[in-house]
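The values are calculated or read from the model by the stated rules, or taken from the named source; none is laboratory data. The structure presented is a predicted model; accordingly, all values stated were derived computationally and were not measured. Here Cβ is always computed from backbone atoms with ideal geometry, including for glycine, and neighbour counts include all displayed protein chains.
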Amino acid sequence: MADLNAVICLGEALVDRLGPPGGNPGCDRPVDDRLGGAPANVACGLARLGTAVAFVGRVGGDAIGAEFQRLFVQRGVDISTLQEDPLRPTRIVLVRRSQDGERQFQGFAGDQGEGFADQALQPVALPAAAQWLLVGTIPLATAQSAQSLLEAVAQARSQAIPLALDVNWRPTFWDPAADPAAGPTEAACSAMRPLLEQAALIKLAREEALWFFADDDPRAISSGLPQQPDVVVTDGAAPVRWCIGGESGSQPALSPPQVVDTTGAGDAFTAGLLHRWFAPVAERLRFAAACGALVCGGAGGIDPQPTEAQVDTFLGGVS
């Protein structure tokens, strides 16, 4: 597919400000700023693996926005639909890290009174003939970006582009004062339901499955939705469970050589899954698990992303 984008990733591009292990990124130093945002992570991961990909999003006309543009160009991501906001900055997310590398989002920095660029995403004409439109739920937290997301989903449906949904529930984006471990409110569930009922592929964490479906069995989740989508449920270091094409199974998590930071592991998994989508199901899931494992070996969700050759080499050494 040299002339077409196999995947369109729509959503937020932002900075993850990683605090020192065990410290507070809002006040403790040193901090480590890393480009991130789930859709941006997946776009960069796909490009690194060799899949043609376009990114639809909005960044500030600031140094971070410029850095994103350089990164996307360097990786080979199509940025013809990337927007630049002249008023609002690119969002900075404060990420608290535990001593063992686990992370928790605790708030934002950089707001100058007008909100953040990703919240002001404008409607856009999607590139044609893609194999997937990948979205998350964070744009639904703000009226303008929600409208643009839903318009893009409608375009994809009219163009017969399947929708892939990474639920990616982050309460802080809906309410900065919310407990980062809180489940979705009734209003958030209502906003997300149309995406859940249209997606051809849903990837969600086990706790998200329990919040939204009161069940963590991928087969039960799939059968309970009108379109009976493919469903993948991740659970940290526990096996990934899946229901794809009417079959179901599990894929054990793979151990990375070292764990520096788990930020972006799920996004690397998603990139690997879409990259190998036409492979046999077990191969797809094993490749995706390897992508997720390898990204834990470095800081941030983008810099440590592996190439296809690196994933294959890693898998060659895994029994």
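This table checks each residue for (1) among the aliphatic types (A, V, I, L, M); (2) in contact with a strand residue (DSSP E or B) (Cβ under 8 Å, 6 or more places away or on another chain).
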residue: ASP216; (1), (2): no, yes
residue: ARG219; (1), (2): no, yes
residue: SER222; (1), (2): no, yes
residue: VAL233; (1), (2): yes, yes
residue: CYS243; (1), (2): no, yes
residue: SER255; (1), (2): no, no
residue: VAL260; (1), (2): yes, no
residue: ALA265; (1), (2): yes, no
residue: GLY272; (1), (2): no, no
Just the residues that are over 20 Å from the mean Cα position of the chain (by Cα) and not in a helix (DSSP H, G or I), please, taken from the stretch 178-215.
ALA178, ASP179, THR185, ALA214, ASP215
Residues that are surrounded by 21 or more Cβ atoms within 10 Å (Cβ to Cβ), more than 15 Å from the chain's Cα centre (by Cα) and assigned to a loop (DSSP other than H, G, I, E, B): does the stretch 259-274 have at least one?
yes
Could you check the stretch 13-40 and list, in sequence order, the residues that are within 14 Å of LEU71 (Cα to Cα) and among the charged types (D, E, K, R)?
ARG34
Report whether or not ALA120 is surrounded by 17 or more Cβ atoms within 10 Å (Cβ to Cβ) and either in contact (Cβ under 8 Å) with a residue 24 or more places away in the chain or on the phi > 0 side of the Ramachandran plot (or both).
yes
Check on GLY317, more than 23 Å from PRO39 (Cα to Cα) and either touching a residue at least 24 places away in the same chain (Cβ under 8 Å) or surrounded by fewer than 14 Cβ atoms within 10 Å (Cβ to Cβ) (or both)
yes
Residue check for PHE105: over 18 Å from the mean Cα position of the chain (by Cα) and of a type in the set (Phe, Trp, Tyr):
no
Across (1) surrounded by fewer than 19 Cβ atoms within 10 Å (Cβ to Cβ); (2) part of a loop (DSSP other than H, G, I, E, B); (3) within 19 Å of the chain's Cα centre (by Cα); (4) modelled with pLDDT of 95 or more, THR90 clears everything bar (1)
From the residues in the stretch 146-172 that are modelled with pLDDT of 95 or more, touching a strand residue (DSSP E or B) at 6+ places or on another chain (Cβ under 8 Å) and in a helix (DSSP H, G or I), which one is surrounded by the most Cβ atoms within 10 Å (Cβ to Cβ)?
ALA152
What about ARG58, is it outside any helix (DSSP H, G or I) and not aliphatic (A, V, I, L, M)?
yes
